[in-house]
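Please read the structure below before turning to the comments.
The values are calculated or read from the model by the stated rules, or taken from the named source; none is laboratory data. Quantities reported herein were computed from a predicted structural model and do not represent experimental measurements. Positions of Cβ are generated from backbone atoms using ideal geometry, with glycine treated the same way; all protein chains shown enter the neighbour counts. Accessible surface is based on the protein model in full, side chains and every heavy atom, while ligands, DNA and RNA are left aside. Shrake-Rupley method; radii C 1.70, N 1.55, O 1.52, S 1.80 Å.
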Amino acid sequence: MTTPHPSQWDFDALYRGESPAEGIPPVTAVPWDTKGPKESVIAWQEQGLIAGDVLDIGCGLGDNAIYLAQHGHCVTALDISPTALITAEHRAADAHVNVRFAVTDATELTGYRDAFDTIVDSGMFHCLDDDGKLAYAAAAYRAARPGARLLIACFSEANDDPMRGQRAVSESAVRSIIGGAGWTVASVTPTTVRRPDGVDMGFWLVVAERPGVDAAQ
């Protein structure tokens with residue numbers, strides 16, 4: 001039986017400890033819950049790529065958003081899973097930071113227009129199917145202000161695991177989808193992240209910018 005693509009998963013069921021799709025067993029712990037910010041987000045922050053009003057899109061359990069709030073950013077964090085956001089809100093309260101959490105579909109971003117200077121996505125882009133990726137790139141463009149920056153960490157093809165292979169995105173697809181939505185793709189950089197179990201995962205680190213007001217005229 002073919003494993004369902006992540007775009008077909010019920011992520012709220014996964015966060016509730018239930019099976020997210022047919023053929024996928026329940027998990028007792030969320031696999032990507034490191035209880036801390038992802039390496040990509042730390043690197044972007046240290047490189048000075050994150051500024052202004054920040055959107056953490058597909059925020060999950062909130063650790064990236066909390067880290068960014070601790071570094072003085074005004075952060076809005078969105079996810080499709082209400083269950084995940086309950087935990088995220090508790091973690092933010094424990095960390096004594098203010099993050100605005102909301103349940104929102106990342107392919108629509110309803111209610112957000114010209115609202116953010118930086119959009120951060122650490123691990124959500126590759127979970128969408130082709131149509132979802134296109135809708136996401138366009139929605140993020142609408143939510144961004146002129147001159148805003150879009151930062152994405154997504155699985156590359158440098159993964160042997162079949163599940164990650166399902167989610168892998170080629171460099172050409174990244175450039176075509178993001179650029180086709182109006183973003184200027186500044187860089188698509190390969191990197192490797194080692195999981196706690198010692199498995200190396202290949203990622204793309206994507207930096208894109210929405211053209212400024214002058215460029216749009």
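Computed with the Debye formula from one identical point scatterer per Cα of the stretch 4-129, without solvent, the log10 of I(q)/I(0) at q = 0.10, 0.13 Å⁻¹ comes to -0.30, -0.51.
Going by accessible surface with a 1.4 Å probe and the largest first, R113, R175 read R113, R175. For the chain, with all protein chains present and a 1.4 Å probe, just round the carbon and sulfur fraction of the accessible area to a whole percent. Heavy-atom surface of the chain belonging to carbon and sulfur, 1.4 Å probe: 50 percent. About the centre of its Cα atoms, the chain shows a dipole size close to 380 debye [charges on the beta carbon of Lys, Arg (+1) and Asp, Glu (-1) only; nearest 20 debye]. Accessible surface calculations at 1.4 Å, restricted to protein heavy atoms, place the stretch 84-200 at 48 Å² per residue. In this view, the solvent-accessible surface of D131, computed with a 1.4 Å probe and all protein chains in place, comes to about 120 Å². Within the shell of other residues whose beta carbon sits under 15 angstrom from the beta carbon of R175, the net charge comes to -3, with Lys and Arg scored +1 and Asp and Glu -1. Each of A93, G123, G182 was scored by the projection of its Cα onto the charge dipole of the stretch 92-188, and the greatest displacement toward the positive side belongs to G182; charges sit on the C-beta of Lys, Arg, Asp and Glu. Extension gain, V199 to H5: 0.36 nm times the residue separation minus the Cα-Cα distance gives 67.7 nm. How many angstrom lie between the C-alpha centres of the stretch 1-44 and the stretch 72-98? The distance from the Cα centre of the stretch 1-44 to that of the stretch 72-98 comes to 17 Å. Residues W9, W183, sorted by accessible area with the largest first, give W9, W183 [1.4 Å probe; ligands and nucleic acids excluded]. Compute for the stretch 80-169: radius of gyration divided by Kirkwood radius, i.e. Rg/Rh, restricted to C-alpha atoms, rounded to two decimals. Checking Rg against Rh, the ratio lands at 1.01.
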